[in-house]
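Report on one structure; see the data block that follows.
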Amino acid sequence: MECVVLAAGEGKRMRPLTAKRPKVMLPLANRPMMEHLVCAARDTGITDFVFVVGYGEREIRKYFGDGSGLGIHIKYAPQRQQHGTADAVRSARDLVSGPFLLLNGDMILKNTDIADLCKCRTPCMGTSTTDHPGDYGTVIVENGLVTSLEEKSKYPKSNLINAGAYLFSPDIFDAVDRVRVSSRGELELTDALFEFIAEKELSAHQLSYWMDVGNPWDMLDANLMLMSTLPSELKGTVEEGVSLRGVVIVGEGSVVKSGTCIEGPCIIGKNCRIGPHAYIRGATSIGDDCHIGHCTELKNSIVMKGTKIPHFNYIGDSIIGTGCNFGAGTKIANLRHDHTNVRVCGKDTRRKKFGAIIGDGVQFGINCSINVGTMIGSNAQFAPSSYIAGCIGENAVIR
């Protein structure tokens, strides 16, 4: 069995986090999200992969290489212009030799589900259930066959959805060749699936577990789930007087200073400085080369490589990009006074608690206040005591 992973898209809904990297390379549990998916497929015995790449191709190639570091073999299929999912599948035509798995690179699956999908007859669609099916392709299944597929309906007919995981034979390439540009201006894989549905050929396999990472706030749930499966590992230095509870991972070269309290699950990358007297609460991942300093509190957040949060800061339920710096006393709010769902740039996160999305290289002066649901573009700069709310663009300077 071969596995084709679609990894060419930018991930516009993930902006500003994808301004400098493709969506599939965003970190979850301190590894690119696509690596978790690839490893799950590898653990079923699959060793031959094709990555369809485009936006941020260089970063994907540099990180994964030929796959030998993961014990697999990777071929790359460039999609030079992102014309849609059908076009992405067509890019892999010359690199597969038989039945193959097709997986969207931005989701989390269990290896047991991947193994079960491999046993189905082709063509087969993996399905899942959700409480907001209108965001996805809604599926009707009768006697194990897909009889209806409707994309992002305002009035979905079921809560069963297309999960973006398929088992195909090479026949799919002839079907995608017949696809025409959709009303959205794209060549869409779902249009090829309609042929199989009409011929009563598309079978369905319901996955026991599936998580879509379509928006920045989805990263927090995925981060927690992936960290919860890991064992504790202390490769760095943990000084006396540090309190560790639950699963805690400390990378090589990192130092956790006295008086610090860490409640797992928590991952700290390589060459970090933590404390003294920092408080890191559960579901937090901290990338390499970060500094979390004196009397700083972090909770349920993703902090990417090279970010400094050094003095008297509070970060809750937030995603922080690379190379940011928080002035002393800068804090992020994460709960509305009316306890309604937090909205980011008008979009409902479906979360009662959510802080901010902060791009790469953002610089805060001392005592800045960042309101709940704020989005800040990369390389923005803020003067001391700034009040920050709403959607702030890239390279903004607030004096």
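The values are calculated or read from the model by the stated rules, or taken from the named source; none is laboratory data. Everything numeric in this text was worked out from a predicted model, so none of it was measured. Glycine gets a Cβ as well: all are built from the backbone with ideal geometry, and neighbour counts include every protein chain shown.
Being without any contact (Cβ under 8 Å) to a residue 24 or more places away in the chain, farther than 30 Å from Gly275 by Cβ and of a type in the set (Gly, Ala, Ser) narrows it down to one residue among Ser208, Ser153, Ser169, Ser243; which is it?
Values: Ser208 fails: without any contact (Cβ under 8 Å) to a residue 24 or more places away in the chain; Ser169 fails: without any contact (Cβ under 8 Å) to a residue 24 or more places away in the chain; Ser243 fails: farther than 30 Å from Gly275 by Cβ.
Only one candidate passes the filter, namely Ser153.
Can you find a residue that is surrounded by fewer than 16 Cβ atoms within 10 Å (Cβ to Cβ) and on the phi > 0 side of the Ramachandran plot anywhere in the stretch 195-205? Before the answer, list the steps.
So in the stretch 195-205, the residues surrounded by fewer than 16 Cβ atoms within 10 Å (Cβ to Cβ) come out as 198-200.
In the following step, the residues that additionally are on the phi > 0 side of the Ramachandran plot were identified as 200.
Taking every residue of the stretch 195-205 in turn, at least one turns out to be surrounded by fewer than 16 Cβ atoms within 10 Å (Cβ to Cβ) and on the phi > 0 side of the Ramachandran plot.
Among the residues of the stretch 182-194, which ones are over 12 Å from Gly137 (Cβ atoms) and buried (at least 18 other Cβ atoms within 10 Å of the Cβ)? Give the derivation first.
Kept after step one, since they are over 12 Å from Gly137 (Cβ atoms), are these residues of the stretch 182-194: 182-187, 192.
Correct list: Leu187, Ala192.
Among the residues that make up the stretch 251-261, is at least one of them under 24 Å from the mean Cα position of the chain (by Cα) and not small (Gly, Ala, Ser)? Step through it out loud before you land on a result.
At the first step, the residues of the stretch 251-261 found to be under 24 Å from the mean Cα position of the chain (by Cα) are 251.
Filter again for not small (Gly, Ala, Ser), leaving none.
Looking through the stretch 251-261, none of the residues is under 24 Å from the mean Cα position of the chain (by Cα) and not small (Gly, Ala, Ser).
Here is a yes/no grid of residues against (1) at pLDDT 90 or above; (2) more than 21 Å from Gly45 (Cβ to Cβ); (3) among the charged types (D, E, K, R); (4) surrounded by fewer than 17 Cβ atoms within 10 Å (Cβ to Cβ):
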position	(1), (2), (3), (4)
Thr85	no, yes, no, no
Leu101	yes, no, no, no
Lys152	no, yes, yes, yes
Ala165	yes, no, no, no
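If you take just the strands (runs of 3 or more DSSP E) that sit entirely in the stretch 232-303, which of them hold at least 3 residues that are touching a Lys or Arg at 6+ places or on another chain (Cβ under 9 Å)? I'd like the intermediate steps shown before the answer.
Details: elements: 243-245, 248-250, 261-263, 266-268, 284-286, 291-294, 297-299.
Strands (runs of 3 or more DSSP E) meeting the threshold: 261-263, 291-294, 297-299.
Can you give me the ranges of the strands (runs of 3 or more DSSP E) entirely in the stretch 308-368 with at least 1 residues that are in contact (Cβ under 8 Å) with a residue 24 or more places away in the chain and not assigned by TED's automatic domain parsing to the domain that holds Arg21? Before you say what the answer is, go through the steps one by one.
Numbers: elements: 308-311, 314-316, 356-358.
It comes to 314-316, 356-358.
Name the residue, out of Gly377, Gly361, Gly373, Gly355, that is buried (at least 19 other Cβ atoms within 10 Å of the Cβ), touching a strand residue (DSSP E or B) at 6+ places or on another chain (Cβ under 8 Å) and on the phi > 0 side of the Ramachandran plot. Walk me through it before giving the result.
Details: Gly377 fails: on the phi > 0 side of the Ramachandran plot; Gly361 fails: touching a strand residue (DSSP E or B) at 6+ places or on another chain (Cβ under 8 Å); Gly355 fails: on the phi > 0 side of the Ramachandran plot.
Going through Gly377, Gly361, Gly373, Gly355 in turn, just one is buried (at least 19 other Cβ atoms within 10 Å of the Cβ), touching a strand residue (DSSP E or B) at 6+ places or on another chain (Cβ under 8 Å) and on the phi > 0 side of the Ramachandran plot: Gly373.
Name the residue, out of Glu186, Glu195, that is under 22 Å from Ala92 (Cβ atoms), modelled with pLDDT under 85, not assigned by TED's automatic domain parsing to the domain that holds Arg350 and not β-branched (Val, Ile, Thr). Give the steps one after another, and end with the answer.
Details: Glu195 fails: modelled with pLDDT under 85.
Every option except Glu186 fails the conditions.
Yes or no: Thr130 buried (at least 21 other Cβ atoms within 10 Å of the Cβ) and either at pLDDT below 90 or touching a Lys or Arg at 6+ places or on another chain (Cβ under 7 Å) (or both)?
Details: buried (at least 21 other Cβ atoms within 10 Å of the Cβ): no; either at pLDDT below 90 or touching a Lys or Arg at 6+ places or on another chain (Cβ under 7 Å) (or both): yes.
No; evaluated as a whole, the condition is false for this residue.
I'm trying to understand the selection: among the residues of the stretch 211-231, which are free of Cβ contacts under 8 Å to residues at least 24 places away in the same chain and part of a helix (DSSP H, G or I)? Quick ask: steps written out before the conclusion?
Quick first cut of the stretch 211-231, residues free of Cβ contacts under 8 Å to residues at least 24 places away in the same chain only: 218, 221, 229, 231.
Hits for the stretch 211-231 are Asp218, Asp221.
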